[in-house]
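Participant: Could you have a look at this structure, given as structure tokens, before my questions?
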Amino acid sequence: MCYTCGCDQTDNPVTFKKLGKENDHSHDHKHPHTHDHGHDDHNHEHSHSKVIQIEQDVLNTNNLLAQRNRGYFEAKNIVTLNMVSSPGSGKTTLLEKTITDLKKEIAFFVIEGDQQTMNDANRINATSTPVIQINTGNRCHLDADMINRAVKELEIANNSMLVIENVGNLICPSLFDLGETYRIVIISVTEGDDKPIKYPNIFHTSDICIINKIDLLPYVEFNVDKAKKYALQVNHHIQFFELSAKSGEGMNKWYEWLKGIKV
């Protein structure tokens with residue numbers, strides 16, 4: 001988990017930047033960590049036990065705060081979408097297109113997660129949608145505490161839709177409940193159709209799988225049926241949308257679903 005992948009490092013703090021305001025808040029997000037310099041087998045085994053305990057503590061703490069987030073969203077009638085994918089799947093383009101086409105029908109608020117830059121938040125801001133950027137520094141995911149902080153800064157209205165664009169990563173985000181209503185995993189046809197069985201946890205914990213960039217199917221080796229079959233092997237209940245945010249193909253079914261779940 002994060003302790004072993006290195007995102008417990010704290011030399012790069014998490015920052016929150018709400019667009020539309022001169023507002024730059026820094027927040028050190030520290031995973032608990034220990035140092036064990038022993039070299040014998042006993043110390044090695046003890047170190048592994050400590051790592052496992054730390055990881056369990058981190059996840060338990062996160063899950064408690066995620067439940068608080070969920071209760072807040074339910075009380076304010078906010079539908080929350082956690083969008084996860086590997087980098088380059090087209091999350092931001094899909095979000096831009098969706099907001100542009102539906103913002104007269106749905107009140108959107110957006111939390112953007114990236115290690116660095118304001119690039120994605122600037123793109124969402126151009127649609128006149130309230131957005132806050134979380135730069136996670138060395139961390140490879142958003143967590144419930146970051147969302148709690150961002151929600152307070154964003155001042156989300158009742159009866160709205162919050163979209164969280166998670167850091168591009170198919171591993172760590174699968175472990176961290178944010179309090180979302182739906183988790184949506186996005187893959188594109190420019191990736192391998194075996195992604196669901198290579199990264200099963202994110203598909204197992206997702207409600208929706210979007211297969212994006214289908215306009216490129218004639219030019220790539222991607223078997224849509226195989227990808228869906230693999231996803232269903234790890235999650236029998238996952239629902240699929242095949243679309244192209246670029247060409248607009250398949251977007252209407254996605255829009256119908258969003259309007260059906262809107263508050």
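The values are calculated or read from the model by the stated rules, or taken from the named source; none is laboratory data. This one's a predicted model, so the numbers in the text were calculated from it and none came from an experiment. Note that each Cβ is placed from the backbone with ideal geometry, even for glycine, and that neighbours are counted across all protein chains shown. Please note that ligands, DNA and RNA were not included when accessible areas were found on the heavy atoms of the full protein model with its side chains. Shrake-Rupley method; radii C 1.70, N 1.55, O 1.52, S 1.80 Å.
Participant: Cβ-Cβ distance below 6 Å, separation of 6 or more or different chains: which pairs start in the range 69-92 with a residue that is under 18 Å from Ile124 (Cα atoms) and open to solvent by less than 40 Å² (accessible area, probe 1.4 Å) and end on one that is of a type in the set (Val, Ile, Thr) and part of a loop (DSSP other than H, G, I, E, B)?
Facilitator: Thr80/Thr181
Participant: Also, I was wondering about something else. Which numbered condition trips up Gly248, out of (1) more than 21 Å from Ile171 (Cβ to Cβ); (2) surrounded by 15 or more Cβ atoms within 10 Å (Cβ to Cβ); (3) in contact (Cβ under 8 Å) with a residue 24 or more places away in the chain?
Facilitator: (2)
Participant: Any chance the range 180-189 includes a residue that's surrounded by fewer than 21 Cβ atoms within 10 Å (Cβ to Cβ), under 14 Å from the mean Cα position of the chain (by Cα), hydroxyl-bearing (Ser, Thr, Tyr) and not in a loop (DSSP other than H, G, I, E, B)?
Facilitator: Checked against the condition, which is being surrounded by fewer than 21 Cβ atoms within 10 Å (Cβ to Cβ), under 14 Å from the mean Cα position of the chain (by Cα), hydroxyl-bearing (Ser, Thr, Tyr) and not in a loop (DSSP other than H, G, I, E, B), the range 180-189 yields at least one hit.
Participant: I've got another one for you. Kindly list the number of the only condition in (1) within 21 Å of Gly250 (Cβ to Cβ); (2) part of a strand (DSSP E or B); (3) more than 13 Å from the chain's Cα centre (by Cα) that fails for Thr93.
Facilitator: Failing condition for Thr93: (2).
Participant: Among the residues that make up the range 189-199, is at least one of them farther than 27 Å from Asp57 by Cβ and among the basic types (Lys, Arg)?
Facilitator: Yes: one or more hits.
Participant: Same structure, new question: Tally time: how many residues in the range 231-243 are open to solvent by 70 Å² or more (accessible area, probe 1.4 Å) and under 21 Å from Met83 (Cβ atoms)?
Facilitator: Going through the range 231-243 one residue at a time, the tally reaches 3.
Participant: A further question on this structure: Just checking, which of Lys228, Lys253 is more than 24 Å from Asn119 (Cβ to Cβ), in a helix (DSSP H, G or I) and open to solvent by less than 60 Å² (accessible area, probe 1.4 Å)?
Facilitator: Lys228
Participant: Return the residues of the range 190-213 that are open to solvent by less than 10 Å² (accessible area, probe 1.4 Å) and in contact (Cβ under 8 Å) with a residue 60 or more places away in the chain; say none if nothing qualifies.
Facilitator: Ile202, Ser206, Ile210, Asn212
Participant: Tell me which residues, restricted to the range 122-131, are open to solvent by 40 Å² or more (accessible area, probe 1.4 Å) and without any contact (Cβ under 8 Å) to a residue 40 or more places away in the chain.
Facilitator: Arg123, Ala126, Ser128 - these are the residues of the range 122-131 that are open to solvent by 40 Å² or more (accessible area, probe 1.4 Å) and without any contact (Cβ under 8 Å) to a residue 40 or more places away in the chain.
Participant: Taking the residues in the range 132-160 that are in a loop (DSSP other than H, G, I, E, B) and either closer than 11 Å to Ile111 by Cα or touching a helix residue (DSSP H, G or I) at 6+ places or on another chain (Cβ under 6 Å) (or both) as candidates, determine which candidate is most open to solvent (accessible area, probe 1.4 Å). Give the steps one after another, and end with the answer.
Facilitator: Filtering the range 132-160 down to residues in a loop (DSSP other than H, G, I, E, B) leaves 136-143, 155-160.
Of the ones still in play, those that are also either closer than 11 Å to Ile111 by Cα or touching a helix residue (DSSP H, G or I) at 6+ places or on another chain (Cβ under 6 Å) (or both) are 140-143, 156.
Details: Cys140: 22, His141: 0, Leu142: 1, Asp143: 5, Ile156: 7 Å².
Checking each candidate, the answer is Cys140.
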